[in-house]
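What follows is one structure encoded as structure tokens, with my remarks underneath.
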Amino acid sequence: NAGVTQTPKFRVLKTGQSMTLLCAQDMNHEYMYWYRQDPGMGLRLIHYSVGEGTTAKGEVPDGYNVSRLKKQNFLLGLESAAPSQTSVYFCASRISGANVLTFGAGSRLTVL
Amino acid sequence: AQKITQTQPGMFVQEKEAVTLDCTYDTSDQSYGLFWYKQPSSGEMIFLIYQGSYDEQNATEGRYSLNFQKARKSANLVISASQLGDSAMYFCAMREAPGYNNNDMRFGAGTRLTVKP
């Protein structure tokens, strides 16, 4: 049982480049989330999805786009990376009616 | 807007002793859920304990207990009999109106706990 899997685990980008982070869960969870973690700031919600084909903005959505074409996958895209997007990104999911989030292992992104 | 405050950037505790990690929160909702997560140096987020705002008893999970003081809006994590493996970052989090379609879980800045042998 893999749980929540994030790829890639590490990535270095140059300013202006684009990339996509993939989150996959095999638990049939309805809800999926993307957070970023920065030193001294905890985790902040970027975007989330309550089901296939639906997405919504969180606390810090600017500069990111997401898609949920399949229930098990939640993609986070950066169209034009900026150094301020250097962070560790976490994907999480939960089943409807549950309170607890299950997190992926994180993806460390560095933008030069 | 909800807000979570963890005032202790770092804490030290001697092995086998108990330690309390502070968390205060700000919300105008009556229904909310409080969470603690552990993040070891390997980076994953591990759920520890949950407390609902209407729960009358403080939550406990093994060596973890949540000291919930609703009037003071505090949700401190107590770890009893600390072990070396407890050394990690600990995050307090809250989501208003859990069970409904509120998906905005807010996290505090975290407390780094170091257990000394």
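Is it true that B:Ser74 is more than 14 Å from chain A (Cβ to nearest Cβ) and either buried (at least 20 other Cβ atoms within 10 Å of the Cβ) or in contact (Cβ under 8 Å) with a residue 12 or more places away in the chain (or both)? It is true that B:Ser74 is more than 14 Å from chain A (Cβ to nearest Cβ) and either buried (at least 20 other Cβ atoms within 10 Å of the Cβ) or in contact (Cβ under 8 Å) with a residue 12 or more places away in the chain (or both).
For segment A:52-75, a residue qualifies if it is closer than 15 Å to A:Ala92 by Cβ, within 14 Å of another protein chain (Cβ to nearest Cβ) and outside any loop (DSSP other than H, G, I, E, B), and the qualifying residues are A:Thr55, A:Ala56, A:Val66, A:Phe74. Filter segment A:95-109 down to the residues that are closer than 16 Å to B:Asp104 by Cα and in contact with an Asp or Glu (Cβ under 8 Å, 6 or more places away or on another chain), then identify the one that is farthest from the other protein chains (Cβ to nearest Cβ). Applying the filter and picking the extreme gives A:Ile95. Hey, any hits in segment B:5-26 for a residue that's within 24 Å of A:Cys91 (Cα to Cα) and more than 14 Å from the chain's Cα centre (by Cα)? Within segment B:5-26 (the criterion being within 24 Å of A:Cys91 (Cα to Cα) and more than 14 Å from the chain's Cα centre (by Cα)), the answer is no, since none of the residues qualifies. Restricting the first member to segment A:78-94 and to residues that are free of Cβ contacts under 8 Å to residues at least 24 places away in the same chain and of a type in the set (Lys, Arg), and the second to residues that are in a strand (DSSP E or B) and open to solvent by less than 10 Å² (accessible area, probe 1.4 Å), no beta-carbon pair is closer than 6 Å while six or more apart or on different chains. Can you pull out every residue in segment B:77-117 that is in a strand (DSSP E or B), open to solvent by 10 Å² or more (accessible area, probe 1.4 Å) and either modelled with pLDDT under 95 or out of contact with any strand residue (DSSP E or B) (no Cβ under 9 Å at 6 or more places or on another chain) (or both)? Selection gives B:Glu96, B:Pro98, B:Tyr100, B:Asn101, B:Arg106, B:Phe107. Give segment B:1-57 a look and list any residue that's polar (S, T, N, Q) and free of Cβ contacts under 8 Å to residues at least 40 places away in the same chain, or say none. Hits for segment B:1-57 are B:Thr7, B:Ser28, B:Gln30, B:Ser42, B:Gln51, B:Ser53, B:Gln57. Is one or more of the residues making up segment B:18-32 on the phi > 0 side of the Ramachandran plot, away from chain A (no Cβ under 12 Å), open to solvent by 30 Å² or more (accessible area, probe 1.4 Å) and at pLDDT 95 or above? Within segment B:18-32, not a single residue is on the phi > 0 side of the Ramachandran plot, away from chain A (no Cβ under 12 Å), open to solvent by 30 Å² or more (accessible area, probe 1.4 Å) and at pLDDT 95 or above. If B:Ser42 passes every condition in (1) open to solvent by 50 Å² or more (accessible area, probe 1.4 Å); (2) away from chain A (no Cβ under 14 Å); (3) assigned to a loop (DSSP other than H, G, I, E, B) but one, which one does it miss? The number of the failed condition is (2). Look at segment A:35-46: where a residue is closer than 11 Å to A:Cys91 by Cα and within 7 Å of chain B (Cβ to nearest Cβ) and a partner is among the small types (Gly, Ala, Ser) and surrounded by fewer than 23 Cβ atoms within 10 Å (Cβ to Cβ), sitting 6+ places away or on another chain with Cβ atoms under 6 Å, you get A:Leu45/A:Gly58.
The values are calculated or read from the model by the stated rules, or taken from the named source; none is laboratory data. Source: prediction; values computed, not measured. Positions of Cβ are backbone-derived with ideal geometry, glycine not excepted, and every protein chain shown enters the neighbour counts. Heavy atoms of the whole protein, side chains included, go into the accessibility calculation; ligands, DNA and RNA do not. Shrake-Rupley method; radii C 1.70, N 1.55, O 1.52, S 1.80 Å.
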